[in-house]
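The values are calculated or read from the model by the stated rules, or taken from the named source; none is laboratory data. Since this is a predicted model, take the numbers as computed values, not measurements. Ideal geometry is used to build each Cβ from the backbone, glycine not excepted, and the neighbour counts take in all protein chains shown.
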Amino acid sequence: MKRIAEDDHGQYHRKRQISSSNSLQDRLNALDEERRTIVSEMSAHHSRFDIELANEVNQLIFNNTSFREKQLHVIEIASKGSDVLVLFPTGSGKSLCYQLPAVMSKGVTFVVSPLLSLIQDQVTSLLALGIPSCFISSQQTPSTLTSIYRELSMPLPSCKLVFVTPEQLASNMRLRDALVCLHQRHLVARIAVDECHCVSTWGHDFRPDYRSLGDLRDLVPSVPFMALTATANLKTQEDIRRNLRMTGCQVVSVSTNRRNLVYKVLVKENEEHGAEMLLRYILKIQAGDPCFSGIVYCLTQDDSKKIATFLTHKGISSDFYNAGMSLEERKLVQLAWSDGKIKVVCATIAYGMGIDKSNVRFVVHFHLAKSLEGYFQESGRAGRDGKPASCIIYYGTKDVARVKAILRMHGKSPAQKEKSVVQLEIMESYCKNKTYCRRKIFMEYFGEKWSPDLCNKKCDICKIGC
Ligand SMILES: [Zn+2]
């Protein structure tokens, strides 16, 4: 197969080395000195919430012109030291909710995140903004880890955010000791649990080590928690609050309704038919907007390779992105796609989470997602710039059996497998549905009130029905 990575255009080469330094000191030294001074002075002198200061930080440090809906409300709650559960759909600016208070608070904010690729993206972006940040992972070299722990033991560490996976927090005693030591010196500002739906067995991406995060309450009592997710129905929200011991906390949510997105389901007779439909669709998009970007979610690594190969052979600039690739290979594909050097990325369901790009014009699920939450999160990558974008599922009845077989193979408990099947069945009914507005299904599932004017004929059902 002649991959785009190996073609003669010279635009994109996977084998290109990413130059990155793992040394915390190098990274910190590379930060703009002036910004570092601003960040450290601000966090040392402002322990109370100050709206004007928050606005300034948002503009001067984070380069945003204004806050998005409800961000300031969350930041205010967090700055007062209270627990808060944040339910913001993808693209609503969840990360700023803990990043900005981290900059304004004395001490270090620990951020729990499920994937190393997500963590690395965030640390890179924060360092580019001049915000001292790092991550603790088994992939770091011993000397990097030593310099991080040395930094955390300083009287006032300059590092504002430390990212960790839940597995590290559960099993890494050196990390737990550092956390306790910082807490004893009143230097743990907050614990932010990102993608907190992973706490719940009802969430679409349950991770056992997320459940033990509630035990941190005993390790660092009185430290405020912020839990954040794009997808949690009422049952999952209950689980999150119970497991993270934040039952009385405030909940701040933004509507799941994304008005600029069009939702559709198309019937796929077989894989070849799906591939032809996809090609025709992409060619049409390309003719109208040569600078388009899109994501095609696929069920398996093999599917992602096959579809990317098919599209490449048909002249569409595309590549695959899946769990079978090395971290460096994935990074290169992501980078090439972010820069517009490739137009379409064919991703497996589990590994699309690190993708962050605002001008995605379509998200096609070549195979249905495993759950409605998963679908909502993945399709939510479309149209983050607020411009029209489409979320389409190519529904084939055989796909349901394939997903079921994969769910059966997973090493989960029988109860967990049963829940996965229930979630898949809900997803299947979304695909089979010919009656209800697709937004109505989403919104009611996430516990929101729906009314017909919220769709504005931007789903296949409303368009046909009207
Ligand atoms: Zn509708």
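May I ask you to verify whether residue 212 is surrounded by 15 or more Cβ atoms within 10 Å (Cβ to Cβ) and within 20 Å of the chain's Cα centre (by Cα)?
So residue 212 fails the test.
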Hey, any hits in the range 266-280 for a residue that's under 30 Å from residue 93 (Cα atoms) and either surrounded by fewer than 19 Cβ atoms within 10 Å (Cβ to Cβ) or in contact (Cβ under 8 Å) with a residue 12 or more places away in the chain (or both)?
no
Here the qualifying pairs (Cβ atoms under 9 Å; residues six or more apart or on different chains; first in the range 446-466 and among the aromatic types (Phe, Trp, Tyr); second within 8 Å of the ligand (Cβ to nearest atom) and in a loop (DSSP other than H, G, I, E, B)) come out as 450/437
Failed condition for residue 215, given (1) without any contact (Cβ under 8 Å) to a residue 40 or more places away in the chain; (2) within 16 Å of the ligand (Cβ to nearest atom), with all others met?
(2)
Just need a number here: residues in the range 412-445 that are in contact with a strand residue (DSSP E or B) (Cβ under 6 Å, 6 or more places away or on another chain) and free of Cβ contacts under 8 Å to residues at least 40 places away in the same chain.
1
crowded, with 21+ Cβ neighbours inside 10 Å, closer than 29 Å to residue 196 by Cβ, within 16 Å of the ligand (Cβ to nearest atom) and more than 20 Å from the chain's Cα centre (by Cα), is that true of residue 461?
no
If we ask which residues in the range 241-265 are more than 16 Å from the ligand (Cβ to nearest atom) and either closer than 24 Å to residue 92 by Cα or surrounded by fewer than 19 Cβ atoms within 10 Å (Cβ to Cβ) (or both), their number turns out to be 13
Would you mind telling me which numbered condition in (1) of a type outside the set (Gly, Ala, Ser); (2) within 26 Å of residue 79 (Cβ to Cβ); (3) at pLDDT 95 or above residue 122 fails?
(3)
Could you please find all residues in the range 454-466 being part of a loop (DSSP other than H, G, I, E, B) and modelled with pLDDT under 85?
466
So which residues in the range 164-186 are within 24 Å of the chain's Cα centre (by Cα) and β-branched (Val, Ile, Thr)?
164, 165
Restricting the range 444-453 to residues that are more than 8 Å from the ligand (Cβ to nearest atom) and in a helix (DSSP H, G or I), the residue that is farthest from residue 256 (Cα to Cα):
453
Just to check your reading of the model, which residue among 70, 160 is among the basic types (Lys, Arg) and surrounded by fewer than 19 Cβ atoms within 10 Å (Cβ to Cβ)?
70
Residue in the range 408-431 that is within 16 Å of the ligand (Cβ to nearest atom), surrounded by fewer than 16 Cβ atoms within 10 Å (Cβ to Cβ) and part of a loop (DSSP other than H, G, I, E, B) present
no
